[in-house]
Amino acid sequence: MPDDDHKPPTLVVRPADEYEAAYMGDGGQIIYRDKIPANWIWHAIIGGIWAFSMGAILLSGWGAGAAAIWPLAISGLLTTLMMFALWALFAVLRVTVSDEHVHIQYGLFGPKIAMSAIDSAEAVDYDWKKFGGWGIRRARDGEWAYNMVGDAGRAVRIRHRDGDKLKSVLVASKEPEALATAIAKARSGGRVRVRQSAVRVAEADPVAEAEAEAERMAAAENENSVQ
C-alpha cells in the first residue's frame with residue numbers, strides 16, 4: 001500500500017486573474033498557477049519610505065514662503081508616483097505552468113522558460129542572505145532569485161539550459177511541492193492529476209452527467225426487478 005505522506009500533491013488549477021488572463025496565457029494546457037501577494041511587511045516598508053520622503057520634502061520647504069509651494073507639490077507628487085510604481089511592481093509574484101512553459105512574473109518582470117529546456121525542478125529551503133535580500137536578485141554563483149518577504153524561505157529551484165549553459169532560477173512559492181510536481185509532470189508528458197478550483201467545479205460536464213444518469217436508471221431497474 002502506498003504511503004499517503006509521499007503521494008504527489010493534487011494540483012488545483014485556479015482561475016486566472018485579470019493580469020494572468022491578459023499576459024500569461026501561454027497557448028498550451030495550463031497545469032498549475034501559483035501566486036504570492038506581498039505581506040504586510042512589504043507594505044509597511046514602502047509606506048515608511050514614502051512617509052519619510054514626504055516629511056523630508058515638507059521640512060525642506062519650511063519657512064520658504066509661497067514661492068516654494070509649487071516645487072514642493074511637484075516633488076511630493078513625483079515621490080508618491082514613484083513609490084506607488086515600486087509598490088505595484090513588486091506586490092505580487094506569479095508563476096504559470098503550462099505543458100510548454102514555466103512563466104514567472106514578479107510584477108512586470110521575469111523569465112519564460114521553455115519546458116523542453118528544463119533539466120530539473122525541486123522544492124527547497126533557501127537562505128535569503130545568499131541573495132542579499134528580496135525581490136529580483138542574483139547571487140554570486142549566477143543563480144537568479146524571485147523571492148519576497150514572508151515566503152518562509154520556501155521555493156522551487158529550476159535548472160534549465162540556455163544553449164550550452166546550465167542556469168538556475170529560484171522562485172518562491174507557498175506550495176513549492178505542488179509547483180515542482182506540476183513542472184515535473186509537464187516535462188515528462190505524463191497525465192497530471194488536476195482538479196479545478198471551486199469556481200470551475202460548478203461547470204457542468206455533459207458526458208459525466210449522462211454516465212451518472214445511466215447508472216441511476218440501471219440501479220432503479222435492478223431494484224424494481226428484485227421487488
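General observations
- Scanning region 76-101 for residues that are within 30 Å of SER188 (Cβ to Cβ) and over 22 Å from the mean Cα position of the chain (by Cα) yields nothing.
- Pick from region 20-47, criterion touching a strand residue (DSSP E or B) at 6+ places or on another chain (Cβ under 7 Å) and either among the hydroxyl-bearing types (Ser, Thr, Tyr) or over 19 Å from VAL171 (Cα atoms) (or both), ranking: modelled with the lowest pLDDT: GLY28
- Applying the set (1) without any contact (Cβ under 8 Å) to a residue 12 or more places away in the chain; (2) not assigned by TED's automatic domain parsing to the domain that holds VAL12 to LEU72 leaves exactly one unmet item: (1).
- Answer residue from region 56-89, given it is surrounded by 12 or more Cβ atoms within 10 Å (Cβ to Cβ), among the small types (Gly, Ala, Ser) and closer than 29 Å to PRO37 by Cα and is modelled with the highest pLDDT among those: GLY76
- If the condition is being in contact (Cβ under 8 Å) with a residue 24 or more places away in the chain, farther than 16 Å from TYR106 by Cβ and not in a strand (DSSP E or B), then region 125-140 contributes only ASP127.
The values are calculated or read from the model by the stated rules, or taken from the named source; none is laboratory data. Nothing here was measured: the structure is a model prediction, and the numbers come from that model. Neighbour counts are summed over all protein chains in view; Cβ atoms, including those assigned to glycine, are modelled from backbone coordinates with ideal geometry.
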